[in-house]
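Student: One structure, as structure tokens, below. Some questions next.
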Amino acid sequence: MSASILELDLRALSGALAAREVSSREATAAALERIRATDGQVGAFLRVTAEQARAAAAAADERAARGARLSPLDGVPLAVKDIFLTEGVETTAGSRILEGYLPPYDAAVVERLRAAGAVLLGKLNMDEFAMGSSNENSAYGPCRNPWDLARTPGGSSGGSAAALAARQAWGTLGTDTGGSIREPAAFCGVVGLKPTYGRVSRYGVIAFASSLDQPGPLARTVADTALLLQAVAGHDERDMTSSARPVDDYLAGLEGGARGLRIGVPREWLAGGLDAGVEVRVREALRRYERMGATLVEVSLPHSRYGIAAYYLIAPAEASSNLARYDGVRFGLRAPARGLREMYQQTRARGFGAEPKRRIMLGTYALSAGYYDAYYLRAQKVRTLVRRDFDEAFTRCDVVAGPVAPTVAFRLGEKVEDPLQMYLADVFTITANLAALPGLSVPCGLHPEQGLPVGLQLVGRPFDEATLLRAARALEREQGPLPPPPGVA
Amino acid sequence: MLSLEEVRRIAALARLELSPAEETLFAGQLSAILDYVKQLEALDVSGVEPMTHALAAGDAPPLRADEVRPGLPADRALAAAPARAGTSFQVPRIIE
């Protein structure tokens, strides 16, 4: 039974739980056993909260027996990136500087999952402070791609995507600052959604770049992704950038198909620098949309080529400010020192890995006296231009479509020596963060030679996640599911 | 190219103690990144307003009422502190 439970998608499991064909205890036991059997190879989890999960499952079963399920997620085993605070459960953001840190409260999204009755299996591996595109910057060891254990799962939410591909959980949460949900989703052959900035509360999310960070769901199907978004989206007064706009019903129009949809194809995104096999699958997906009755419209995002440059000023600038809090005073590591300044310097020297140090340095430089106008302010203006490109495109189309990443999953170690090459992995995803727009990654087949998943990216109008999900669902239905990943038996 | 002296100055501003090996590594890597971002200089941004808020004005939530609400109790706020004294965070001597 347990193997077949693992093959159910989230919505099917939810239905089976509602019908009491399966208990949450059985599903949770199956997931914990699967994690035990596979995570030595995959490394998706930084910690597993088995006892808490079993207790939550028992409570969910008791509610189901009374006919009092709290939501479609009641009793469903999920897991969250280690960037979300969990009360009393170690939360590190993949950094040594927070080793052993026990948060005093839950992140808003964790609160919402618990209130929905979800069972939390543990905390997922990630690049340190969400800085990276391969999960190799985790201070606790890399995570591996279940499609090929020699390759990265992408990052920074690598564990969130790998856990799904390895059938260790039915849904996960990640965060996306420059592509950190969408790129790993593409690399691992799952669905990932970065909501509009402000759609999901950042309260209790360890901050990296506050004007770009956005939590969002990953799951094996589009409908599962919609269910998870429904549970976590909405206003939270503890996050001043959380929008008060009403939340759409993401499942209501999900099966609406692609007929009549106007899909903008940015000239610049298929212009070169793209792996040929990735391009084949992206163009094939676009043709499928046409066959389903959608219209392809050529659009132009002329400033998207400046996205990486603007991002690598804005994000490090914000990071250098956000990471100033790790100073050995209130939480986390404190290095022994004679004076205060030495304590700050030694604590940060020992606690941070190379990538946070690099970005703190870059951000400090960009914000320092004499450089602010030339770097940070100019980047903020370019950000306006990137957003205007999209506003213009959306006068002629409903969604913009293109690749998620220029390649399929790359090998562990391939880019670690050259940070700039690693940054370029985000070339197609970063503009949605700069423009504060929702972006989704949906599998569009396997690379013709390498046999690894390729993701199609869909970017939508502000707060129009419903259209992204509907469009992604149409493609998913048309092309059918991917085969199971071969890397883990 | 950033000089080692500049790298040290930035590290001091950021309260980061770097090893000599890190100073050399970062001087090279940060210079490469700064060279890359220089392409922004090619853009004419005159008359363009900086995007200072990610949330459009119309989407921003209303301010909540300005009333006192309970915060985290001191004991819980201090629970993760490396060192504490009573209800305070304890740090090394500040004034020599």
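Student: Which condition from (1) within 14 Å of chain B (Cβ to nearest Cβ); (2) surrounded by fewer than 24 Cβ atoms within 10 Å (Cβ to Cβ); (3) among the acidic types (Asp, Glu) is the one that A:Glu298 breaks?
Tutor: Checking A:Glu298 against (1) within 14 Å of chain B (Cβ to nearest Cβ); (2) surrounded by fewer than 24 Cβ atoms within 10 Å (Cβ to Cβ); (3) among the acidic types (Asp, Glu), the one that fails is (1).
Student: Picking from A:Leu437, A:Leu424, which residue would you name as being within 14 Å of chain B (Cβ to nearest Cβ) and assigned to a loop (DSSP other than H, G, I, E, B)?
Tutor: Values: A:Leu424 fails: assigned to a loop (DSSP other than H, G, I, E, B).
Just one listed residue meets the conditions, A:Leu437.
Student: Note down all Cβ pairs under 9 Å where the first residue falls in the range B:29-50 and is within 7 Å of another protein chain (Cβ to nearest Cβ), the second is part of a loop (DSSP other than H, G, I, E, B) and not hydroxyl-bearing (Ser, Thr, Tyr), and they're at least six residues apart or on different chains.
Tutor: These pairs meet every condition: B:Gln29/A:Asp418; B:Leu30/B:Leu2; B:Ala32/A:Asp418; B:Leu43/A:His303.
Student: Looking at the range B:1-17, which of its residues are outside any helix (DSSP H, G or I), more than 7 Å from chain A (Cβ to nearest Cβ) and either open to solvent by less than 80 Å² (accessible area, probe 1.4 Å) or not aliphatic (A, V, I, L, M) (or both)?
Tutor: Start the filter on the range B:1-17 by keeping residues that are outside any helix (DSSP H, G or I), which leaves B:1-3, B:14-17.
If we keep only those that are more than 7 Å from chain A (Cβ to nearest Cβ) too, we end up with B:1-3.
Across the range B:1-17, the qualifying residues are B:Leu2, B:Ser3.
Student: Here is a further query. Suppose the filter is assigned to a loop (DSSP other than H, G, I, E, B) and at pLDDT 90 or above; does B:Ser31 pass it?
Tutor: Against the criterion (assigned to a loop (DSSP other than H, G, I, E, B) and at pLDDT 90 or above), B:Ser31 does not qualify.
Student: In addition: Of the conditions (1) in a helix (DSSP H, G or I); (2) open to solvent by 60 Å² or more (accessible area, probe 1.4 Å), A:Val278 clears all except one; give me its number.
Tutor: Every condition holds for A:Val278 apart from (2).
Student: Additional query: Given the criteria modelled with pLDDT of 95 or more and either buried (at least 24 other Cβ atoms within 10 Å of the Cβ) or touching a Gly at 6+ places or on another chain (Cβ under 7 Å) (or both), does A:Gln230 qualify?
Tutor: Details: modelled with pLDDT of 95 or more: yes; either buried (at least 24 other Cβ atoms within 10 Å of the Cβ) or touching a Gly at 6+ places or on another chain (Cβ under 7 Å) (or both): no.
Considered against the rule, which asks whether it is modelled with pLDDT of 95 or more and either buried (at least 24 other Cβ atoms within 10 Å of the Cβ) or touching a Gly at 6+ places or on another chain (Cβ under 7 Å) (or both), A:Gln230 comes out as no.
Student: Return the pair list, or none, for Cβ contacts closer than 9 Å from residues in the range B:51-66 that are over 17 Å from A:Ser211 (Cβ atoms) and more than 7 Å from chain A (Cβ to nearest Cβ) to residues that are in a loop (DSSP other than H, G, I, E, B) and not basic (Lys, Arg), at least 6 apart or on different chains.
Tutor: Note: pairs meeting the criteria are B:Leu63/A:Met240.
Student: Would you please name the residue that is surrounded by the most Cβ atoms within 10 Å (Cβ to Cβ), looking only at residues in the range A:414-431 that are out of contact with any Ser or Thr (no Cβ under 9 Å at 6 or more places or on another chain) and farther than 16 Å from A:Leu274 by Cα?
Tutor: Only one residue tops the list, namely A:Pro419.
Student: How many of the residues making up the range A:71-118 are in a helix (DSSP H, G or I) and among the charged types (D, E, K, R)?
Tutor: Restricting attention to the range A:71-118, the residues satisfying the condition of being in a helix (DSSP H, G or I) are A:96-98, A:108-115.
Filter once more, so that each one left must be among the charged types (D, E, K, R): A:96, A:111-112, A:114.
Count: 4.
So that you can scan it fast, the table gives a plain yes or no per residue for (1) open to solvent by less than 20 Å² (accessible area, probe 1.4 Å); (2) within 14 Å of chain B (Cβ to nearest Cβ); (3) in contact with a helix residue (DSSP H, G or I) (Cβ under 9 Å, 6 or more places away or on another chain); (4) not hydrophobic (A, V, I, L, M, F, W, C):
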site	(1), (2), (3), (4)
A:Tyr306	no, yes, yes, yes
A:Tyr311	yes, yes, yes, yes
A:Pro316	yes, yes, yes, yes
A:Ser321	no, yes, yes, yes
A:Phe331	no, yes, yes, no
A:Arg334	no, yes, yes, yes
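Student: How about the range A:265-304: which of its residues are at pLDDT 95 or above and on the phi > 0 side of the Ramachandran plot?
Tutor: Result: A:Gly293, single match.
The values are calculated or read from the model by the stated rules, or taken from the named source; none is laboratory data. All values reported here derive from a predicted model rather than from experimental measurement. Cβ sites come from the backbone with ideal geometry, for glycine too, and all protein chains shown count toward neighbours. Just the protein is used for accessible areas: all its heavy atoms, side chains included, with ligands, DNA and RNA removed. Shrake-Rupley method; radii C 1.70, N 1.55, O 1.52, S 1.80 Å.
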